[in-house]
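See below for the structure under consideration.
Only the coordinates and a few stated rules stand behind these numbers; no lab work does. The structure displayed is predicted, hence computed values, not measured ones. Every residue, glycine as well, gets a Cβ built from its backbone with ideal geometry; the counts of neighbours run over all protein chains shown.
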There are 2 protein chains.
Amino acid sequence: MKLYGYWRSSAAYRVRIALNLKQLSAEHISVHLVNNGGEQNSPSFHQLNPQHLVPAFVDSGEQGELTLSQSLAIIEYLEEKYPQSSLLPSHIEDRAIVRSMAQAIACEIHPLDNLRVLQYLVKEMGVSEADKMRWYHHWIHVGFSALEVQLSQYSGRFCFGDTPSLADICLIPQVYNAKRFNLDLDAYPNIVRIWHECQQLAAFANAAPEQQHDAS
Amino acid sequence: MKLYGYWRSSAAYRVRIALNLKQLSAEHISVHLVNNGGEQNSPSFHQLNPQHLVPAFVDSGEQGELTLSQSLAIIEYLEEKYPQSSLLPSHIEDRAIVRSMAQAIACEIHPLDNLRVLQYLVKEMGVSEADKMRWYHHWIHVGFSALEVQLSQYSGRFCFGDTPSLADICLIPQVYNAKRFNLDLDAYPNIVRIWHECQQLAAFANAAPEQQHDAS
């Protein structure tokens, strides 16, 4: 398996955690999102992912080489192909709750604070750097406020009960981003508590951006 | 089952198509996204979904009443609970491709063009109405250009082969939005072709915004 990612990419960080939780190894190939106008925009990367986003994931499948984009699709693939250390609960209703929490981050927070979106805000919409940061913080606050309500109902040690799941896989990279940009997390006690719990696990700690070979 | 939605909400539209494809009926409850400052922001709706977004979905589960948010989580729940007329292929690799296409829309296009985001752009970022439309079109173009490449590889009558799937469920509401805002679709022949195919199916046609009881 090959994972094309970048140390600071939240979506690649999610896949790294999933691989670690399942004790799967992959070759990690760095795609620098800033240098040379962003290596994700190169013609060679276009062949891997016409969306020009990391992560891209390659596995040798039954029908030849399988190339996948979209972190949650990659993680659901890993979950189905390698069911050990499941990332979703076994009960249908519980699985739905976990997916709902994961998507509350992956569909409502992260897409708005993605690098290319921030770049477009400044370069094309004429938004100032200060307003860009206000935008960035705003969508995390909106998303975390709602997630905190769900966590008060469903969390145990982790987002859903006492087992790390797809929800934690999405949450931890988002908290990393929030911390990186000095967002005050005091209003989110469950999120902060779960962040600390996850840091205790090697699967999460070893997936952290600063632990990657391309960190700078 | 109850579906809290709004006729023009793309995410509710997705769930309507999924219910129709599976021949499931639900009570449709309208949450007006514009009137009264947006009914999704009311305290009573907060109880259903603290994210203040439609759709919200309620089913009587084994552990009492189950309330779900996030359209893709709702649809995966329907898929697992009511496997008839499957919305995902049976092979693991094929499922991954379908989810990847669905998320290319649900995680990369729609979140950026959502109502609350457009409102925030104008009211808080000071973006003009003209630039707001440029933003809106831009993210659809970026997303559709990449999707068109995937479709040229995987599509048959529908996004993946000859059976409608989760990918079509996400695509058709996004095309509806593009058409509503006069986006030129000439560069996307596969998308336009699949749009026409889907309109032939009652499950899609009956889920269209104009067919809903709250359309105005």
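Points to keep in mind about this one:
- Legend: mean number of C-beta atoms from other chains within 10 angstrom of residue C-beta atoms, peptide A:79-85, equals 1.
- The mean number of partner chain beta-carbon atoms within 10 angstrom of a residue's beta-carbon across peptide B:135-141 is 2.
- For A:Trp135, neighbours were defined as the other residues whose beta-carbon sits under 13 Å from its Cβ, and their charges (Lys and Arg +1, Asp and Glu -1) total 0.
- Region B:92-203 shape via C-alpha gyration tensor axes, a/c threshold 1.5: prolate
- Shortest-first distances to equivalent copies, position A:Ser152, nm, label 7 Å out along Cβ: 5.1
- Gyration tensor verdict on region A:57-154 (Cα atoms; rounded if a/c is under 1.5, prolate if a/b is larger than b/c, oblate otherwise): oblate
- Cβ-defined net charge surrounding A:Tyr13, 15 Å radius [Lys, Arg +1; Asp, Glu -1]: +1
- Using the average count of surrounding beta-carbon atoms within 10 Å as a protection proxy, the listed peptides B:118-128, A:67-77 rank, highest first, as A:67-77, B:118-128.
- By average C-beta atoms within 10 angstrom, highest first, the peptides A:3-13, B:96-106, B:136-146, A:186-196: B:96-106, A:3-13, B:136-146, A:186-196
- Student exercise, the protein assembly as shown dipole from Lys, Arg, Asp, Glu Cβ charges, in Debye to nearest 20: 420
- For chain B, averaging the sequence separation of C-alpha pairs within contact (under 8 Å, six or more residues apart) and dividing by the residue count gives a relative contact order of 25 percent.
- FRET efficiency estimate (nearest 0.05) - Cβ-Cβ, B:Met1 to A:Glu27, R0 41 angstrom: 0.35
- When the listed pairs A:Lys22/B:Lys22; A:Lys22/A:Lys81; A:Lys81/A:Lys179; A:Lys2/A:Lys132 are checked against a 22 Å cut-off, the alpha-carbon distance exceeds it for A:Lys22/B:Lys22; A:Lys81/A:Lys179; A:Lys2/A:Lys132.
- Charge tally around A:Ile169: other residues with Cβ under 13 Å, Lys/Arg +1 each, Asp/Glu -1 each, net +1.
- Other protein chain C-beta atoms within 10 Å of residue C-beta, averaged over B:106-116: 5.
- Share, in percent, of DSSP beta bridges within region B:1-160 that are antiparallel, nearest 5: 70
- Overall form of chain A per C-alpha gyration tensor (a/c, 1.5; a/b vs b/c): oblate
- Averaging Cα coordinates gives a centre for region B:32-70 and one for region A:137-203; these two points are 22 Å apart.
- Per-residue ellipticity at 222 nm computed for chain A from its helices equals -15500 deg cm²/dmol, with DSSP H segments shorter than 4 residues left out and the rest contributing -39,500 (n - 2.57).
- Those residues of region B:4-30 whose amide nitrogen sits under 20 Å from the label point placed on A:Glu80, 7 Å along Cα→Cβ: B:15, B:18-19, B:21-22
- Residues A:Ser60, B:Ser90, sorted so that the one with the fewest Cβ neighbours within 10 Å comes first: B:Ser90, A:Ser60
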